[in-house]
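K.L.:
After the structure tokens below, expect a handful of questions from me.
The values are calculated or read from the model by the stated rules, or taken from the named source; none is laboratory data. Quantities reported herein were computed from a predicted structural model and do not represent experimental measurements. As a convention, Cβ positions derive from the backbone with ideal geometry for all residues, glycine included, and neighbour counts pool all protein chains shown. These accessible areas exclude ligands, DNA and RNA; they are computed on the full protein's heavy atoms, side chains included. Shrake-Rupley method; radii C 1.70, N 1.55, O 1.52, S 1.80 Å.
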Amino acid sequence: MDRYAVFGNPIGHSKSPFIHNQFAAALGEKLQYDAILAPLDGFADNWHSFVAAGGKGGNVTVPFKEAAYQLAEALSGRAQQAGAVNTLYIDSKGKLCGDNTDGIGLVADLQRLGVNLQGITVLLLGAGGASRGAIGPLLDAGVKQLVLANRTVSKAQAIAANFDPCVSACGYADIPLQPYQLVINATSSGLSGERPLIAAQHLQHCQLAYDMLYGAAPTPFLHWAKEQGVPLQADGLGMLVAQAAEAFYIWRGKRPDVTPVLALLQQQLQAV
Ligand code: ATR
């Protein structure tokens, strides 16, 4: 049976095995998908052992996305843009290839939510790996202009420099006053019970507030956006399932339906 796995540290709470096993069952694909706890200094060795034991492909999560980027012998354009790899596979010539499906997972989730990205202006908060991987796919999907705001301005500037001229960088206090139809929180602020401290006026024209984090309760950013009257809020659970679906497609050439798996995960989160 073909073997796949997600590599991370920690990895115990990963939802990827559940998601991929659901996809495989729905599509009648015979495969095994495990979660592997890789040592912090031993991702490459761990991956090579997995391949030697018959591993065909992998997902990579925190903190190994940059290590996977270094390890891959060939990189997709979107992995290069993101500077990180979340999906590994071995091509027909035996070459180890690295891709990144996080950004297209976000775009797919926004489309599932009914957002028309064509020609809109997006405010993207945060300048870490999550944000960097999202910009190229958002622009490819038709976003006209993107303002990248971060607490530490220099990090936003360094990323924006790769995407001139339709991406600009700023701090939270000097976000340009213009209508943003979509505001995305790609910071990890929710993990510490906080939200990015932007002014409420930037949400005035926002149709959807999106947080890449997810949990049983709305994140502080989504809670605040609702209070400000933003009509729709969505967390990153849909993005998680959608990036997995894109990885599954790369490996198996079949597109899973994300909807039933997302519904099951939402139920699981509510039951906790
Ligand atoms: P990831 O790879 O998940 O994007 P990261 O590279 O550690 O994670 O980046 C975390 C992001 O969240 C950064 O943009 C960080 O802002 P700084 O660059 O100023 O550190 C942002 N962040 C974390 N906690 C935050 C908070 N409480 N308020 C605002 N931004 C926060």
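K.L.:
Take the residues in the stretch 221-237 that are away from the ligand (no atom under 16 Å from the Cβ) and among the aliphatic types (A, V, I, L, M); name whichever of them is farthest from residue 178 (Cα to Cα). If you could, list the steps in order and put the result at the bottom.
P.N.:
Initial filter on the stretch 221-237 (away from the ligand (no atom under 16 Å from the Cβ)): 226-234.
The next check asks that each one be among the aliphatic types (A, V, I, L, M); those that pass are 230, 232, 234.
Details: 230: 16, 232: 19, 234: 22 Å.
Here the answer is 234.
K.L.:
Then there is this: Which of (1) open to solvent by 10 Å² or more (accessible area, probe 1.4 Å); (2) over 26 Å from residue 86 (Cβ atoms) is the odd one out, the single condition residue 180 does not satisfy?
P.N.:
Status for residue 180: all satisfied but (1).
K.L.:
Filter the stretch 221-232 for residues that are in contact with a strand residue (DSSP E or B) (Cβ under 8 Å, 6 or more places away or on another chain) and farther than 14 Å from residue 195 by Cα; which is surrounded by the fewest Cβ atoms within 10 Å (Cβ to Cβ)?
P.N.:
Per the stated criteria, the residue is 231.
K.L.:
Could you please find all residues in the stretch 172-185 being within 10 Å of the ligand (Cβ to nearest atom) and in contact with a Phe, Trp or Tyr (Cβ under 6 Å, 6 or more places away or on another chain)?
P.N.:
As a first pass, look at the stretch 172-185 and keep what is within 10 Å of the ligand (Cβ to nearest atom): 172, 185.
Result: 185, single match.
K.L.:
So is residue 30 open to solvent by 10 Å² or more (accessible area, probe 1.4 Å), modelled with pLDDT of 95 or more, in contact with a Leu (Cβ under 8 Å, 6 or more places away or on another chain) and not aromatic (Phe, Trp, Tyr) or not? So that I can check it myself, show each step before the final result.
P.N.:
On the way: open to solvent by 10 Å² or more (accessible area, probe 1.4 Å): yes; modelled with pLDDT of 95 or more: yes; in contact with a Leu (Cβ under 8 Å, 6 or more places away or on another chain): no; not aromatic (Phe, Trp, Tyr): yes.
It is false that residue 30 is open to solvent by 10 Å² or more (accessible area, probe 1.4 Å), modelled with pLDDT of 95 or more, in contact with a Leu (Cβ under 8 Å, 6 or more places away or on another chain) and not aromatic (Phe, Trp, Tyr).
K.L.:
When you check residue 60 against the structure, is it open to solvent by 40 Å² or more (accessible area, probe 1.4 Å), modelled with pLDDT of 95 or more and either more than 16 Å from the ligand (Cβ to nearest atom) or hydrophobic (A, V, I, L, M, F, W, C) (or both), yes or no?
P.N.:
Numbers: open to solvent by 40 Å² or more (accessible area, probe 1.4 Å): no; modelled with pLDDT of 95 or more: yes; either more than 16 Å from the ligand (Cβ to nearest atom) or hydrophobic (A, V, I, L, M, F, W, C) (or both): yes.
No, not satisfied.
K.L.:
Using the structure shown, decide if residue 218 is surrounded by fewer than 20 Cβ atoms within 10 Å (Cβ to Cβ), away from the ligand (no atom under 12 Å from the Cβ) and under 21 Å from residue 105 (Cβ atoms). Before the answer, list the steps.
P.N.:
On the way: surrounded by fewer than 20 Cβ atoms within 10 Å (Cβ to Cβ): yes; away from the ligand (no atom under 12 Å from the Cβ): yes; under 21 Å from residue 105 (Cβ atoms): yes.
For residue 218, the condition - surrounded by fewer than 20 Cβ atoms within 10 Å (Cβ to Cβ), away from the ligand (no atom under 12 Å from the Cβ) and under 21 Å from residue 105 (Cβ atoms) - is met.
K.L.:
Then there's this: Going by the structure shown, is residue 98 out of contact with any strand residue (DSSP E or B) (no Cβ under 9 Å at 6 or more places or on another chain), closer than 27 Å to residue 158 by Cβ and open to solvent by less than 10 Å² (accessible area, probe 1.4 Å)? Full working, then the answer.
P.N.:
Values: out of contact with any strand residue (DSSP E or B) (no Cβ under 9 Å at 6 or more places or on another chain): no; closer than 27 Å to residue 158 by Cβ: yes; open to solvent by less than 10 Å² (accessible area, probe 1.4 Å): yes.
Considered against the rule, which asks whether it is out of contact with any strand residue (DSSP E or B) (no Cβ under 9 Å at 6 or more places or on another chain), closer than 27 Å to residue 158 by Cβ and open to solvent by less than 10 Å² (accessible area, probe 1.4 Å), residue 98 comes out as no.
K.L.:
What's the total number of residues in the stretch 14-58 that are in contact (Cβ under 8 Å) with a residue 24 or more places away in the chain, part of a helix (DSSP H, G or I) and under 20 Å from residue 69 (Cβ atoms)?
P.N.:
Going through the stretch 14-58 one residue at a time, the tally reaches 7.
K.L.:
Among the listed residues 195, 151, which satisfies the condition of being of a type in the set (Lys, Arg), out of contact with any helix residue (DSSP H, G or I) (no Cβ under 6 Å at 6 or more places or on another chain), open to solvent by 10 Å² or more (accessible area, probe 1.4 Å) and within 16 Å of the ligand (Cβ to nearest atom)? Give the derivation first.
P.N.:
Working: 195 fails: out of contact with any helix residue (DSSP H, G or I) (no Cβ under 6 Å at 6 or more places or on another chain).
Of the residues listed, the single one that is of a type in the set (Lys, Arg), out of contact with any helix residue (DSSP H, G or I) (no Cβ under 6 Å at 6 or more places or on another chain), open to solvent by 10 Å² or more (accessible area, probe 1.4 Å) and within 16 Å of the ligand (Cβ to nearest atom) is 151.
K.L.:
Separate question: Among the numbered conditions (1) in the same structural domain as residue 91 (by TED's automatic domain parsing); (2) within 13 Å of the ligand (Cβ to nearest atom), tell me where residue 189 comes up short.
P.N.:
That leaves (1) as the condition not met.
K.L.:
Restricting the search to the stretch 88-145, which residues are closer than 19 Å to residue 76 by Cβ, within 17 Å of the chain's Cα centre (by Cα) and away from the ligand (no atom under 16 Å from the Cβ)?
P.N.:
Of the residues in the stretch 88-145, the ones closer than 19 Å to residue 76 by Cβ are 88-108, 129-141.
Then keep just the ones that are within 17 Å of the chain's Cα centre (by Cα); that gives 88, 98-108, 129-141.
Residues satisfying the conditions are 88, 98, 99, 104, 107, 108, 139, 140, 141.
K.L.:
So, of the residues in the stretch 154-171 that are touching a Gly at 6+ places or on another chain (Cβ under 9 Å) and within 9 Å of the ligand (Cβ to nearest atom), which turns out to be least open to solvent (accessible area, probe 1.4 Å)?
P.N.:
Here the answer is 156.
K.L.:
Of everything in the stretch 111-129 that's more than 18 Å from residue 230 (Cα to Cα) and of a type in the set (Gly, Ala, Ser), which residue is surrounded by the fewest Cβ atoms within 10 Å (Cβ to Cβ)?
P.N.:
Only one residue tops the list, namely 119.
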